[in-house]
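What follows is a set of notes on a single structure, which appears directly below.
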Amino acid sequence: MRRFLFLPFIAIALFPCRALGQGTPISLVERFAGFTAVTGFEQAVVDTLVGELLPGAIRDRSGSAVLVLGSGAPRRLIACPLDEPGWVVGEVEAEGYLTLRRAPGRLPSPLFDQQLEGHRVTLFGRWGPVPGVVAVRSVHLTRGRDAGADNAFSVDDARVDVGANRPEAALALGIAVLSPVSLTKKPSRYGTDLLAAPMAGRRAACAALILAAREGKPVTGTVVVAFVTEQNLLQRGLRTVRRTQGPFVEERLVDGGAGAPGVPTESAEGWLLPAAHATTAVETVSLAGADSLQARIGRWIAGTP
């Protein structure tokens, strides 16, 4: 008998349409924080960038979204990574449960997989997102046993329930081996200007770059704006942009990073938007900090101090 108790199957909204309080329409930062782009599976987000959010952008051969502003010299590059650590379906078991494997790329922290236990996840199948939930150990079947004998939860322990009772039912949902999986995204506003969501720092930084690129201000020389893929896997997208669009006299990378939410900080490569509880399900950024980053990027694109 399995030593798991599966939580109820609950429908979820992948991209909420309203922010908290007064029914105010969500900002681009909040909307972007609801997007998922597991390393190697960024194309749905790139489709939205090229088709909606970034007029004039094209998809390059690495799958990155690239927008060229201005012309002539100097030629500069500013980029934001799109991808995030996550998982893929490893196997569809006889009872309809799914096992997981970690997607390729760097592991953000040794305890990253423990966020899965008992949490809602979203699986991205052939016909769209499918909600699921990861099992927790049954308190009834483990009562009285030595808890110290159990190892910490790992991805190998994960079993995902999508409401299927046999493999055919899971396949009918469009789910197959290697379908990408992430924690369910539901960005939450709290405090005066804080936003919490998995990968909130990177998502807010990319949203700030989108908004700055869309301002339409005069550009000094040529600025290549890139939203790059597979940054967590040998920086494939960034390397491709450098080869096909460069050489550049200056490069800037905008991203999220650990720290107290607030003003973006200077790094060797560019600007980091600090985020509390980095790489967790409640990674938190300041919306005022995202606004500050947008203004800084805008000045850099225009070539002004």
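The values are calculated or read from the model by the stated rules, or taken from the named source; none is laboratory data. Small disclaimer: the values here were computed from a predicted structure and weren't measured. With ideal geometry, Cβ positions are generated from the backbone for all residues, glycine too; neighbour counts draw on all protein chains shown. The protein model used for the area step is the full one, side chains on, heavy atoms only, and it has no ligands, DNA or RNA in it. Shrake-Rupley method; radii C 1.70, N 1.55, O 1.52, S 1.80 Å.
Gain on full extension, evaluated as 0.36 nm per residue between Trp127 and Val155 minus their Cα-Cα distance, stands at 7.6 nm.
In this simple spin-label approximation, Thr192 and Glu168 carry label points 7 Å from Cα along the Cα→Cβ vector, and these lie 6.0 nm apart. Between Leu111 and Arg299, the C-beta separation translates, for a Förster distance of 41 Å, into a calculated FRET efficiency of about 0.60. In this simple spin-label approximation, Thr220 and Glu91 carry label points 7 Å from Cα along the Cα→Cβ vector, and these lie 5.9 nm apart. Calculated accessible area for the chain comes out at 46 Å² per residue, all protein chains present (probe 1.4 Å; ligands, DNA, RNA ignored). Comparing Cα centroids, the range 54-122 and the range 243-305 end up 18 angstrom apart.
Note on Glu91: accessible area is roughly 90 Å² with a 1.4 Å probe, heavy atoms of protein only.
With both residues required to sit in the chain, DSSP beta bridges show an antiparallel share near 70%. Using Cβ point charges alone (K and R +1, D and E -1), the dipole size of the chain about the Cα centre works out to roughly 380 debye. Long hydrophobic helices in the chain: the complete DSSP H runs spanning 18 Å or more by Cα along their own axis with mean Kyte-Doolittle hydropathy of at least -0.5 are 200-213, 287-302. Quick one: with all protein chains in place, what share of the accessible area of the chain is carbon or sulfur, to the nearest percent (1.4 Å probe)? Carbon plus sulfur share of accessible area: 56 percent. Shown are Glu42, Glu93, Glu117, whose ranking by accessible area with a 1.4 Å probe and every protein chain present, most to least, is Glu117, Glu93, Glu42. Across the range 200-223, the residues whose backbone nitrogen lies under 20 Å from the label position 7 Å along the beta-carbon direction of Thr244 are 210, 222-223. Sorting the segments 125-135, 280-290 by their residues' average number of neighbouring beta-carbon atoms within 10 angstrom, most packed first, yields 280-290, 125-135. Computed from point charges on the beta carbon alone (+1 for Lys and Arg, -1 for Asp and Glu), the dipole magnitude for the range 66-135 about its Cα centre is near 520 Debye.
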